Amino acid sequence: MMQQLIVFYIVTANLLGLWLMGSDKQKARKKQWRIREKTLWTVAVIGGAIGMTIGMFLFRHKTKHLAFLFGFPLLSILDLALIYFFRGHILVTDPVLFPN
């Protein structure tokens, strides 16, 4: 049960990150109120960095800002490393996907 909640959290955080990047890009195009950068960073730090990074390149949003251009991918690498390190606790270990 706990494993399912953790996987749900990771997936949800990353989908939220992807959606936020797309939404903020759309708001920027329409010259509307924008999502605060602090909010974008918060979502990335709490586990949504992979979605934020994908969204950044998919929507070509914030790619000229070096803090985002390097920060989100670095946080994504950290997220992936943590997922890999805790894979036995997070995911049902599949020997094909995660060999010892």
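The values are calculated or read from the model by the stated rules, or taken from the named source; none is laboratory data. Keep in mind the model is a prediction, meaning the values are calculated, not measured. All Cβ positions, glycine included, derive from the backbone under ideal geometry; neighbour counts span all protein chains shown. Please note that ligands, DNA and RNA were not included when accessible areas were found on the heavy atoms of the full protein model with its side chains. Shrake-Rupley method; radii C 1.70, N 1.55, O 1.52, S 1.80 Å.
Can you pull out the trypsin sites (Lys or Arg not before Pro) in the stretch 41-85 whose DSSP state is coil and whose Cβ has at most 11 other Cβ atoms within 10 Å?
Arg60, Lys64
3J(HN,Hα) along the stretch 35-43, derived from phi through the Karplus expression 6.51 cos²θ - 1.76 cosθ + 1.60 where θ = phi - 60°, amounts to 7, 4, 4, 4, 5, 4, 5, 4, 5 Hz, with x in place of Gly and Pro. Which one of Phe86, Phe59, Phe68 has the biggest mean-square fluctuation once the chain is modelled by GNM with Cα springs under 10 Å? Checking each option, the largest mean-square fluctuation is seen for Phe86.
How far is the Cα center of the stretch 64-80 from the Cα center of the stretch 44-61, in Å? When both Cα centres are located, 8 Å separates them.
Distance between the modelled labels on Arg29 and Thr12, one decimal in nanometres: 2.9 nm (7 Å Cα→Cβ projection). Atom-type composition of the exposed protein surface of the chain places 71 percent of the accessible area on carbon and sulfur (1.4 angstrom probe).
In the list (i) 45, 28, 22; (ii) 52, 24, 20; (iii) 49, 26, 21, the label attached to Cα extents along the principal axes in Å as derived from the coordinates here is (iii).
Per-residue ellipticity at 222 nm computed for the chain from its helices equals -22000 deg cm²/dmol, with DSSP H segments shorter than 4 residues left out and the rest contributing -39,500 (n - 2.57).
Could you give the length gained on full extension between Leu78 and Lys38, defined as 0.36 nm per residue of separation minus the Cα-Cα distance, in nm?
12.5 nm
Its residue count N fixes a reference of 2.2 N^0.38 Å for the stretch 11-52, and the Cα radius of gyration divided by that reference is 1.10.
Toward the positive end of the charge dipole of the chain, with +1 on the Cβ of Lys and Arg and -1 on the Cβ of Asp and Glu, the farthest Cα among Val43, Met2, Phe68 is that of Phe68.
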